[in-house]
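This report refers to the structure that appears directly beneath it.
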Amino acid sequence: MSEAQTSFTPRVFSGIQPSGGLTLGNYLGAMRRFVQWQDRGQQEGFETIFCMVDLHAITVWQDPDALRRQTRELAAGYIASGLDPAKSILFNQSQVPEHAQLAWIFNCVARMGWMQRMTQWKDKAGKNTQNASLGLFAYPALMAADILIYHATHVPVGEDQKQHVELTRDIAAKFNHDYKVDFFPETEPVIEGAATRVMSLRDGSKKMSKSDPSDMARINMTDDADTIANKIRKARTDPDALPSEAEGLEGRAEARNLVNIYAALCDSDIASVLKDVGGRQFSEFKPMLADLAVEKLSPISSEMSRLMETPDEIDRILGLGADRARAIAAPILARTYEIVGMIKS
Ligand code: TYM
């Protein structure tokens, strides 16, 4: 792995919001890649840390019971996808108060103008910015704290989070510059693989998202086989047959998305998939995609349901993960306070 800065030990961190059900986009763009990083971490001897970012989730209203359930469900999704609490640190953000503490320092480092440029802020706040929570505006500073409280050097995310990870680099650089230290690493966003941007099944120009008002636009990790098949059957496409080469998908966003999902699910790429399926109509290709999706996703969703039957066990795993996370975070926060000039008796 390439190192962000030579003086920092490689360490991987990423997170997902428990703000709704998990989608195929989260799975292909993030979770599945977390598992690959975990395995690499085991082989190469670096730490991998994965978080359920519940403090981020409440930047928009969350019903408390739903938030608890979604946090456990996300933990179950992590584990069912192959993250192993013995190999990676798994925990929910609010159990490690150092995230919020460092975020405050970063609120004082980051500039209003930087935050105003964030596309996620613009999208989520919409026209009514006066009514958005202050937390939603400060969201990227908390995200920077999530990453930098572990001196993480590599952050695997989907395409939509690139700007936030780049802002994290800016915050680290400004902190280091203002306090004349080389304390925080300049983290790399790691955006790689076939599925860094899985699109809506209803509109190929929009990202597949848990907050899309139409459930038909996404595949949820908890959807059963019939629902998955039905959503793929109804997915928007065009009337043409599939091309044999990737260039033939130009200007065909929906077709490209379905081929891309297929490629990601079978660990292949668009060119190889098109070699096999080029010339077929969607009436033939959609059932192939549905079968593949069900084959890959149903073991995960049944394992998630099994894990959800023992919520205490999930809470126990998260508690142990939080202890391990704090052991790394606490000294980094203590040193940050010292650098900033806070007195400690
Ligand atoms: P969130 O919860 O929206 O999404 C979690 C991860 O899933 C990826 N993702 C997608 N990838 C491909 N196609 C899609 N349609 C798709 N939808 C979501 C996201 O890119 C992300 O990697 N701000 C973050 C959570 C966060 C975080 C962090 C991430 C908080 N602190 C620190 C990394 C490091 C978010 O809202 O992700």
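The values are calculated or read from the model by the stated rules, or taken from the named source; none is laboratory data. The structure presented is a predicted model; accordingly, all values stated were derived computationally and were not measured. Glycine also receives a Cβ, built like all others from the backbone with ideal geometry; neighbour counts cover every protein chain displayed. SASA here: full protein model, heavy atoms, side chains in, ligands and nucleic acids out. Shrake-Rupley method; radii C 1.70, N 1.55, O 1.52, S 1.80 Å.
A few points about this structure:
- Over all Cα atoms in the stretch 215-306, the spread is summed up by Rg and Dmax: 13.3, 43 Å.
- Coil-residue trypsin sites (Lys or Arg not before Pro) of the stretch 43-148, DSSP, other Cβ within 10 Å capped at 16: Lys87, Arg111, Arg117, Lys127
- Its relative contact order, with pairs defined as Cα atoms under 8 Å and 6+ residues apart, puts the stretch 215-306 at 37 percent.
- Rg [Å, one decimal], Dmax [Å, integer] - the stretch 152-305, C-alpha atoms: 19.0, 62
- Share of carbon and sulfur in the accessible heavy-atom surface of the chain [1.4 Å probe, %]: 49
- Set Lys122/Lys286; Lys206/Lys234; Lys162/Lys210; Lys210/Lys296; Lys122/Lys231 screened for pairs whose C-alpha atoms are more than 28 Å apart: Lys122/Lys286; Lys122/Lys231
- The amide H of Met199, built 1.01 Å from its N in the peptide plane, has Met208 as neighbours under 5 Å, considering only residues 5 or more places off or on other chains.
- Only Lys, Arg (+1) and Asp, Glu (-1) charged, at Cβ; the stretch 1-122 dipole about Cα centre in debye: 340
- As an equivalent ellipsoid, the stretch 139-179 spans semi-axes of 17, 11, 9 angstrom, where each value is the square root of five times an eigenvalue of the C-alpha gyration tensor, largest first.
- Using only side-chain charges placed at the Cβ, +1 for Lys and Arg and -1 for Asp and Glu, the dipole size of the chain relative to its Cα centre rounds to 820 debye.
- Taking every DSSP bridge with both residues inside the chain, close to 10 percent are antiparallel.
- For the stretch 215-306: accessible area per residue (Å², 1.4 Å): 48
- Mean separation of Cα contacts under 8 Å (6+ apart) over length of the chain, as relative contact order %: 22
- Quotient of the Cα radius of gyration of the chain and 2.2 N^0.38 Å, N being its number of residues: 1.02.
- The three principal axes of the Cα atoms in the stretch 1-98 give end-to-end lengths of 43, 28, 23 Å, sorted in falling order.
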